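Asks: Submitted below is the structure of interest, expressed as structure tokens.
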Amino acid sequence: MLSARAYSFRMKSRLAISLSWIGGYVNVVAWMTCGAAVSHMSGNATHFGQGVIELFSRGHWFGLVFFSSLLVSFLAGAAISGICIEGMRRRGHRSKYILPLALEAILLSAFTIGVDWIDVSQHIGWLTILACCACMAMGLQNAAITRISGSVVRTTHVTGVITDLGLESVQYFLWLKDRIM
């Protein structure tokens, strides 16, 4: 089912759009409940750096621990996705992307249930665990769609897409200029 050979450009586009929607939705829910972005890590890396400064200047350690946990969880999700995909590929399975996406669904289900049942404002430990579940799910998703699309699509951040849009728009305008003149 989820085999890169089986996907046409149209099918990959639909998958990219739907997974991007999921990434954005999860990010909004996590931002509202946990106060952290879980689908892109550049902001969390900045907050991690701020946490290092706060630890040494004021002795506050929560920011450092929280944001490093988010970064490590996203990285772990991407690595687990790679392990699953490569393991399935080496065993000759056609549906090599289904396992990372199933793990993502399980983690997002746990995140959703946890957000519904637990008052994260009262339980900082649970807040971190739930945010890490969402980050790991986004790492799984981003790595899977990266492999499915041949490193063209990233569903959990916009910077690469906007960069590509900027680069391609210059190429288009140069092509257009050459056609007109």
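The values are calculated or read from the model by the stated rules, or taken from the named source; none is laboratory data. Values in this document were obtained by computation on a predicted structure and should not be read as measured data. Here the Cβ positions follow ideal geometry from the backbone for every residue, glycine too, while neighbour counts run over all protein chains shown. For the accessible areas, the whole protein counts, side chains as well, though only heavy atoms, and no ligand, DNA or RNA atoms are used. Shrake-Rupley method; radii C 1.70, N 1.55, O 1.52, S 1.80 Å.
Asks: Residue 36's amide H: which non-local residues (gap 5+, or another chain) put their own amide H closer than 5 Å, with H modeled 1.01 Å from N in plane and none for Pro or chain starts?
Replies: Amide H neighbours of residue 36: 31.
Asks: Pop out the carbon and sulfur fraction of the accessible area of the chain as a percent, whole number, probe 1.4 Å. Walk me through the numbers before you get to the answer.
Replies: Numbers: 7410 of 10930 Å².
Heavy-atom surface of the chain belonging to carbon and sulfur, 1.4 Å probe: 68 percent.
Asks: Mind checking which of 17, 47, 129 is farthest towards the positive end of the chain's charge dipole, using Cβ charges of +1 (Lys, Arg) and -1 (Asp, Glu) about the Cα centre?
Replies: Of the candidates, 17 comes out farthest on the positive side.
Asks: Where nothing but the Cβ of Lys and Arg (+1) and of Asp and Glu (-1) is charged, how large is the charge dipole of the chain around its Cα centre, in debye to the nearest 20?
Replies: Details: 14 positive and 8 negative charges, 193 e Å.
Once rounded to the nearest 20, the dipole reads 920 debye.
Asks: Would you kindly calculate the translational diffusion coefficient of the chain, applying Stokes-Einstein with the Kirkwood radius from alpha carbon pairs, for 10 °C and a viscosity of 1.306 mPa s, and quote it in µm² s⁻¹ without decimals? Before the final figure, lay out the partial values.
Replies: Values: Rh = 17.8 Å.
Approximately 89 µm²/s, per Stokes-Einstein.
Asks: If exposed trypsin sites (Lys or Arg not before Pro) are those in a DSSP loop with at most 14 other Cβ within 10 Å, what is the longest stretch of the chain that has none? Before the final figure, lay out the partial values.
Replies: Working: sites that count: 91, 94.
After excluding every exposed loop site, the longest remaining stretch is 1-90.
Asks: So how exposed is residue 86, as accessible area in Å² (1.4 Å probe, rounded to 10)?
Replies: So the heavy atoms of residue 86 present about 50 Å² to solvent.
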